[in-house]
Amino acid sequence: MHKPNGRLRLLVDLDGVLYRGMTALPGVGEFFAWVEAAGHAYLLVTNNSLRTQAEVAGNLRRMGVAVDPERILTSAVATSAWLRAQAPGGTRVQALGGSGLQQALFSPGSVFTPDWQSPEWLVLGQDFDITYQKLAAACIAVQNGARFVVTNPDTTLPTEAGLTPGAGAWQAVVTLVTGVQATVIGKPELGIFETALSMMPTEGEVVVVGDRLDTDILAGHRLGATTALVLTGVSTRGEVSAFPVKPDYIFENLRDLVAQWS
């Protein structure tokens, strides 16, 4: 396997790669210093729909990493872009999710209208305030004909304490109750990466850096990109042998990546 060379287009995950919870992971500073010195293009592409781009940038700043919000693409932003293409004239949307999803869908000037009574679309993302009532309403909306969209299929979210439920866990509940499969926008589907590449230069080898085999690495493989798995998040080295798609590279952390690629 060749070492990536020349100017790269890096699609870098956040949770489990740059940080875990609110704790920066080893090598984050070295990684951004290397990217800047080498002149690589990058976009931080996260399946997490919970926070806005500005909120993510603020969290990174508190960890000592300065990133322009425009260099952050969340699954909420990608979902909103996809939905605008499906319903350019606007539609009624029931959305379960945090501020990132709510702002992406319903910010001033949006074509979408929030509706929990007779929605035409159900959009489900990560929601730290999930309740039985919210999940029940989501199931009823789908049974009444609302089209079911999920920002991302991650069943877990890594934190300092361990793995916690992700948007995919809520997706599974709605599907189990209704029998309806969701349209998924985030990784491992390619919609979010296609949006990301449209925001980047057209030249340079595409490299996907992530911590999950089932989302980051699988999506990178489907994209035809070079893939790098870092072992600071969800997937472990032992799981690689059993997974049908192999990463091109495996690193202990970003510091290891920089040491080998710089």
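The values are calculated or read from the model by the stated rules, or taken from the named source; none is laboratory data. Quick caveat: nothing in here was measured; it's all calculated off a predicted structure. No Cβ is skipped: glycine too gets one built from the backbone with ideal geometry, and neighbour counts run over all protein chains shown.
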Can you name the residue in the range 27-50 that is in a loop (DSSP other than H, G, I, E, B) and touching a strand residue (DSSP E or B) at 6+ places or on another chain (Cβ under 7 Å) and is also nearest to SER99 (Cα to Cα) among such residues?
SER49
Top-ranked residue in the range 183-219 [being among the small types (Gly, Ala, Ser) and within 20 Å of ALA81 (Cβ to Cβ); ranked as nearest to the chain's Cα centre (by Cα)]:
GLY186
All but one of (1) of a type outside the set (Asp, Glu); (2) in a helix (DSSP H, G or I); (3) within 18 Å of VAL184 (Cα to Cα); (4) over 17 Å from the mean Cα position of the chain (by Cα) hold for ALA76; which doesn't?
(4)
Check whether at least one residue in the range 8-19 is under 18 Å from the mean Cα position of the chain (by Cα) and surrounded by fewer than 17 Cβ atoms within 10 Å (Cβ to Cβ), and report yes or no.
no
Residues that are closer than 21 Å to GLY204 by Cβ, crowded, with 17+ Cβ neighbours inside 10 Å and without any contact (Cβ under 8 Å) to a residue 24 or more places away in the chain, drawn from the range 214-254:
THR227, LEU229, PHE251
What's the number of the only condition in (1) modelled with pLDDT under 95; (2) buried (at least 20 other Cβ atoms within 10 Å of the Cβ); (3) touching a Lys or Arg at 6+ places or on another chain (Cβ under 9 Å); (4) among the aliphatic types (A, V, I, L, M) that LEU50 fails to meet?
(3)
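One line per residue, one yes/no per condition, for (1) of a type outside the set (D, E, K, R); (2) in contact (Cβ under 8 Å) with a residue 40 or more places away in the chain:
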| site | (1), (2) |
| --- | --- |
| ALA136 | yes, no |
| CYS139 | yes, no |
| GLY145 | yes, no |
| THR164 | yes, no |
| ILE185 | yes, yes |
| ALA196 | yes, yes |
| VAL206 | yes, yes |
| ARG212 | no, yes |
For the range 214-232, state whether one or more residues are in contact with a Gly (Cβ under 9 Å, 6 or more places away or on another chain), in a helix (DSSP H, G or I) and farther than 24 Å from GLU30 by Cα.
yes
Quick one: which helices (runs of 4 or more DSSP H) lie wholly within the range 126-202 and hold at least 1 residues that are touching a strand residue (DSSP E or B) at 6+ places or on another chain (Cβ under 8 Å) and either charged (D, E, K, R) or over 19 Å from ALA78 (Cβ atoms) (or both)?
132-143, 167-178
